[in-house]
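Heads up: the structure comes next, in structure tokens.
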Amino acid sequence: MNHDATPSNTRSHDWKVHGYVAEYGDVDSLIHACEKVRDAGYTKWDAHSPFPVHGIDDAMGIKPTILPWIVLGGGLTGLLTAFVLQWWTNAIDYPFLISGKPMMSIPAWIPVCFELTVLLSAISAFLSVLVLNVLPALYHPLFNLERFKRATDDKFFVSIEAADPLFHETNTKSLLASTHPAALETCMEETKQAKLPIAFHYVGALATLLTFIPLALIYKARFAKSDAPRVHIVWDMDWQPKYKTQKQAKFTGFADHRTMRQQIPGTVAWGDDPDASPLTTGKDAAGNWINNFPLQVDAQLMARGEERFGIYCAPCHGLDGAGTGTVARRAEQLLAANKAQGWTRPASLVGTLEDARLRRDTPNGELFNTITNGKNTMQGYGGQITPKDRWAIVLYVRALQRAKFLPDADVPPELKDKLAGK
């Protein structure tokens, strides 16, 4: 059965042959037709089915798509970008010691590398599918065929485009006819497209101009100053109903309407020592700084102190305690470039021969208190480091001080040659 699907309004438009379309009533006929077209050597053709057909790829001779390679390239690009970004920012441009980790800490970089790998892989897959399938396409000449509407219902079709190098009006039609289709139609397409109404151009121009309004508002907000609070469109939990400290609230359920409750007599905070022992205060019963250690001093305590010192103290004071950590060096660079001000250089914990205060004369309890409550511009670490770990740090600081001013007589013989560079 042959039909020419040329719309009735061809008088006002020019039309040309887009290709031939054969209709089949079952899957077996579709696969048989695909095999014949494949063997004939056609390249610009397709099969249409209302549901996936098992074996249709082999019947059509479809080769593996390049999409997996594109996705692999996108993933590797994301992985390399994340790795180089973290390496440059953390190890080169702004060296910063974090919790004693090395400057190039690959395990710590895995989450960012993973996220960028997945992100660029997904974007590559999405865009590649659109480009490789010539999408989005809102129109196709096959839509001019009334019978083709059943391609989404219960019929199967094979279409060969006139743009195929092997296309011939007689030979191609004979080839499709030899597959015994239920119908064989000629698909026509317009050579001239109707122009869009002028209103679409005005609307498009107006929409383009409106897109500059958010950019202008962002620019204004970036450089302008205002006494009024900013517009907060998404509140999230910024203004949730809550009770603030030291404020009165009438609906707390307590008679005094306090938002903060008074401490219950006879209780202590978790981890506090109710007896105020030297372990937690650094002082003896008379209130004087102790100069001994309230813990057993051994190699394990020294190793713990070295580890905690590297995490909390070394970024500012340096691994040797001389006050030349990565934070201090970076601050000095910013000061030299007039990009920072008000920086106080960390004190040297090992001191000099003339400066005995920080070297040996400061009691252990006072060093413990400095770590706990801070001093000058240094913050206290009492809430972050346990009392035992603070004493371990004090022990390690004493080891650094002794190592710097160790007399030759106290150096073990097996280490003297090593220190001399022999």
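The values are calculated or read from the model by the stated rules, or taken from the named source; none is laboratory data. Just so we're clear, the structure is a prediction, and the values are computed from it rather than from any experiment. When we count neighbours, we look across all protein chains shown, and the Cβ atoms used for this are built from the backbone with ideal geometry, even at glycine.
Points to keep in mind about this one:
- Qualifying residue in the stretch 142-152 (condition: closer than 26 Å to Thr65 by Cα and out of contact with any strand residue (DSSP E or B) (no Cβ under 8 Å at 6 or more places or on another chain)): yes
- Among the residues making up the stretch 68-112, those that are assigned to a loop (DSSP other than H, G, I, E, B) and either of a type in the set (A, V, I, L, M) or under 19 Å from Ser128 (Cβ atoms) (or both) are Leu97, Ile98, Met103, Met104.
- Meets criteria (outside the structural domain of Leu367 (by TED's automatic domain parsing) and either more than 14 Å from Ile371 (Cβ to Cβ) or part of a helix (DSSP H, G or I) (or both)) for Ala276: yes
- Restricting Lys173, Lys220 to residues that are assigned to a helix (DSSP H, G or I), surrounded by 11 or more Cβ atoms within 10 Å (Cβ to Cβ) and out of contact with any His (no Cβ under 8 Å at 6 or more places or on another chain) narrows the list to Lys173.
- Any hit, the stretch 132-142, residues being surrounded by fewer than 16 Cβ atoms within 10 Å (Cβ to Cβ), assigned by TED's automatic domain parsing to the domain that holds Leu72, of a type outside the set (Gly, Ala, Ser) and within 30 Å of Val84 (Cβ to Cβ): yes
- Residue check, Phe51 aromatic (Phe, Trp, Tyr), assigned to a loop (DSSP other than H, G, I, E, B) and under 49 Å from the mean Cα position of the chain (by Cα): yes
- Residue that is nearest to Ile311 (Cα to Cα), among those in the stretch 97-118 that are surrounded by 15 or more Cβ atoms within 10 Å (Cβ to Cβ) and hydrophobic (A, V, I, L, M, F, W, C): Leu97
- Test set (1) in contact (Cβ under 8 Å) with a residue 24 or more places away in the chain; (2) farther than 29 Å from Thr191 by Cα; (3) assigned to a helix (DSSP H, G or I) - Val37 fails condition number: (2)
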